[in-house]
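Right, one structure below, let's go through it.
The values are calculated or read from the model by the stated rules, or taken from the named source; none is laboratory data. Keep in mind it's a predicted model, so treat the numbers as computed, not measured. FYI the Cβ positions are ideal-geometry reconstructions off the backbone, even for glycines, and counts take in every protein chain you see. SASA here: full protein model, heavy atoms, side chains in, ligands and nucleic acids out. Shrake-Rupley method; radii C 1.70, N 1.55, O 1.52, S 1.80 Å.
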Amino acid sequence: GALRQEDVQRVPVPISVASGATLDLQPIQSPRQIDAIAANLNITQANPRQTIFGIRGIGGTTQVSDGLDSSVGVYEDGVYLGRPGELAYDFLDLDQISVLRGPQGTLYGRNSIAGAINIQFAAPSFQPGAFVQSDLGNYAYRRFAGSVTGPLIDDTLAFRLTGYDVHRGGFDENRQLGTDENGRRGYGVRGQLLFTPASNFSYRLTASYNREYGRQGEFQFLGNQPTAANGWSFARSAALVAPGYAPPADPFRRIVDNDADESSNTHQLLISGQGDWTIGGGYKLTSITAYQSWAFNPSNDADFTALPVATNTNFVNHAKQFSQELRLSSPKSDRFEWVLGAYYFRQTVRGLSDTTYDSDGWAFNTTLAGLANGTAARAASLSSMLDGLSYVTHENPDSRSYAGYGQFTYHLTPTLSLTGGFRDTWERKNQNIASFGSGNVQLLQCATLGTACGFGGYTITQANAQKATKGFPVGTAEFGRGNNLLSGLATLAWQVRPDTMLYATYSHSEESAGVNVGLLSSQLLANGITEVVSPERANNYEVGFKTALFDRRLTLNVDGFWQTVADYQTNAVFLINGSATQALANAGGIRSRGVEADAAFSVTPELHLRASGSFTDARYTDYPNAPCPPEATASGRTVCSLTGRRVANAPRGIVNLAGDYQHRFVSGIVGYAEADWSYRSSQNLLTDDSGYGRIGGYGIVDMRVGVKLGQGRYDVSMWVQNLTDRNYLTNIQENNGAFLGYLGDPRTFGASFRVTI
């Protein structure tokens, strides 16, 4: 779904839009940069699969799960992207980016209780044009891109072809392997055809392929915390096999010592077709058909150390989706306007998690480590217990949904309008899981059959083997649930004067059910974890105004909101056998409230300023049985309450400031400069609210200066991102009492050269 094409200042929705000159001077080249142009949007990305979107503090769970949908609906040229990672590639040839805040379930689908992001790429043109661009920078950065468009058949068939190739070396040094980490490589191509056989009909066919690969996803060691009253911790486990060992202690030195590969390989294919047919009286019928395939194949060193613990851990995804939307909209009217539509969506995900343990793996299993008693001889026997064991899980979440929706606007008077809308979605989610052990399965056999319990010079009891393997449940499971999901809204808008509008909105939206992607161990079941996670239900109240002053040189939009979400879906982390185990769960509820503002000011024809900001208080209102952080489990607690605490990954304050200046020196020569500052206040990046997950506020400054020659045909610029080389973290994970952080990019700089024909 999408809003009608109209002046956003007359749309009673909190929305941030970047297009035209803004994207020329503040180019958006990756998903992580979108949050620098929109109020109250927070995006993190450690690798393509770990792409997380949060709006108003909602939806920013710190870990991605294949069984959970994003609370922010992401659309590319009107096509809903079922997995967040499907957006993890370079942007090129953008036309417009829109970020809508608050539940958008009526027009944008059931999985948009936090908001929606709509990305539109430039369409084919019957006016011939082309550009080529090259970018070079530090860390061996190079990017080559280009686009060409024009007619194939005058006034009937036009094309557009766009492509890019990008490479950047890594920011971090691996002292074990002698490699640089967290670099990237990628390329992509997008081809489009626009068919206009008649004045009232058009069809746009798009096919794109993108590949992203390289040594990415490296986390830095942050610190260590005992996780149990007996002192169990990462450091204690490491001391059993490597006395005195500790990973590099200062994360911002950007040195790691993994002894195995850390990389990812992502492929994406998207084919879509949009037909628009204007029929008698100005009614418009739109059809959008799309197919997408997305594959993610990583290689991970799960322990992120030089120790041979679990050096080959993979979370492989292959997602396919098909969608079909039909939409009929009425012509513009001074009295009554409406949109009616139907939507079908089918998605299948084929997931594989494969964790292989190495010779030191036993020391990080609470039961096996406890059997060592500190003796070297015993340790030598125990080292063979997990060595070579692969714990494999195949999980295949499947989603199928059907929806009907409608939205109308009734103009009560020339200045007062009432908008109402609904969406009814029926969805079925199924999950099929098969988990098994391979390689060295002797420990599993001892636990299940009581046989083959001898390891070197030591024989383990079946009871201890069962304790040691409770975190590795094997077998199969098949489950699912169907839900009817309702969304609706009512908005009253008053056009006080031509350039000022007041509005008030109530909206309700629902998030689809989630399914856990692994077999549930007895410990998880004891913590109340269920196979199916209930749908979320959001209610939102907001008021706002939009105004333009000084002959529309200044636009100012402000809104206040109060949103509650019942059965909030979260990715909870439980300590099982000393290891952090993720599982989907429902927190009872959260409340998010705050204020937001967007402003743009043309100070002079040459100087333009932009600003957006938000203050958000997002807290759990009902989460009495939350998982405990390691600090609490170390004191013997097993259940903790997060009621009243702030939601993870939800900064209170977000501020984006930007300005650009252009000056014509002589005929055909224009100089320009652009600078922007994006700030996020302190927040906690762990869902258990551990003190080790808290990070301070940080602001990032980007700048660009350049000159355009030959009436804009040639563009030469120099740029710098993270000008002050600010150190900051975007993601934190915990395991065995070790805390690991993913660093934001350091200072990068370079030059760009662009030729437009």
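Here are a few things to note about the model shown:
- Note on Gln445 and Asn539: the model spin-label points, each 7 Å out from Cα along the C-beta direction, lie 5.9 nm apart.
- Estimated from helices alone, the mean residue ellipticity of the chain at 222 nm is -2000 deg cm²/dmol (sum of -39500 (n - 2.57) over DSSP H runs with n ≥ 4, per residue).
- For the chain, excluding the exposed loop sites themselves (trypsin sites (Lys or Arg not before Pro), DSSP loop, at most 10 other Cβ atoms within 10 Å), the longest remaining stretch covers 336-757.
- Amide H contacts for Asn265 (H built 1.01 Å from N in the peptide plane; partners 5 or more residues away or on another chain; cut-off under 5 Å): Asn297.
- 14 Å reach of a label modelled at Val132, 7 Å along Cα-to-Cβ, counting backbone N of region 715-757: 715, 753-757
- Ile153 accessible area, assembled protein chains, probe 1.4 Å, Å²: 90 Å²
- Accessible area per residue (1.4 Å probe, heavy atoms of protein chains only) ranks Met501, Met703, Met718 as Met718, Met703, Met501, with the largest value leading.
- Candidate values [x] 0.95; [y] 1.03; [z] 0.98, label of the one derived for Rg/Rh (Cα atoms, Kirkwood Rh): [z]
- Cα gyration tensor shape for region 58-169, rounded if a/c is under 1.5, else prolate or oblate: oblate
- Pairwise FRET efficiency - Ile271 versus Leu525, Cβ, R0 = 35 Å, nearest 0.05: 0.25
- Taking 0.36 nm per residue of separation and subtracting the Cα-Cα distance, full extension of the segment from Ala239 to Leu285 would add 9.8 nm.
- Accessible surface of Leu161, taken over heavy atoms with a 1.4 Å probe and every protein chain present, rounds to 90 Å².
- Cα centre as origin, Lys/Arg/Asp/Glu Cβ charges: the chain dipole, Debye: 780 debye
- Tail weight of P(r) past 22 Å, computed on alpha-carbon pairs of region 373-461, percent: 62 percent
- Cut-off 14 Å (backbone N to label point 7 Å along Cα→Cβ of Asn297), residues of region 345-360: 352
- Its Cα centre serving as origin, region 276-344 has a Cβ charge dipole (Lys and Arg +1, Asp and Glu -1) of approximately 360 debye.
- Cα shape, region 450-589, gyration tensor, a/c 1.5 rule: prolate
- Between the exposed loop cleavage positions of the chain, defined as GluC sites (Glu not before Pro) in a non-H, G, I, E, B DSSP state with at most 16 neighbouring beta-carbon atoms within 10 angstrom, the longest gap is 7-605.
- Label-to-label distance, Ala434 versus Arg175, with points set 7 angstrom from Cα along the beta-carbon direction: 4.5 nm.
- Stretching Thr638 away from Asp725 to a fully extended chain increases their span by 27.3 nm, per 0.36 nm per residue minus the current alpha-carbon distance.
- For a modelled paramagnetic label at Trp562, 7 Å from Cα along Cα-to-Cβ, the residues of region 462-497 in reach, with backbone nitrogen under 20 Å, are 488-493.
- Cα shape, region 170-223, gyration tensor, a/c 1.5 rule: prolate
- Each Cα pair under 8 Å and six or more residues apart adds its sequence gap; the mean of these over the residue count of the chain is a relative contact order of 12 percent.
- Computed E for Leu326/Ser682 - FRET, C-beta separation, R0 41 angstrom, nearest 0.05: 0.30
- The gain in end-to-end length when the Glu478 to Val666 segment is fully stretched comes to 60.5 nm, 0.36 nm per residue minus the alpha carbon separation.
- Computed E for Gln9/Asn230 - FRET, C-beta separation, R0 60 angstrom, nearest 0.05: 0.45
- Projected label points at Arg400 and Gln466, each 7 Å from Cα along the beta carbon direction, are separated by 4.0 nanometres.
- Translational diffusion coefficient (Stokes-Einstein; Kirkwood radius from C-alpha pairs) of region 195-330 at 4 °C, 1.567 mPa s, in µm²/s: 66 µm²/s
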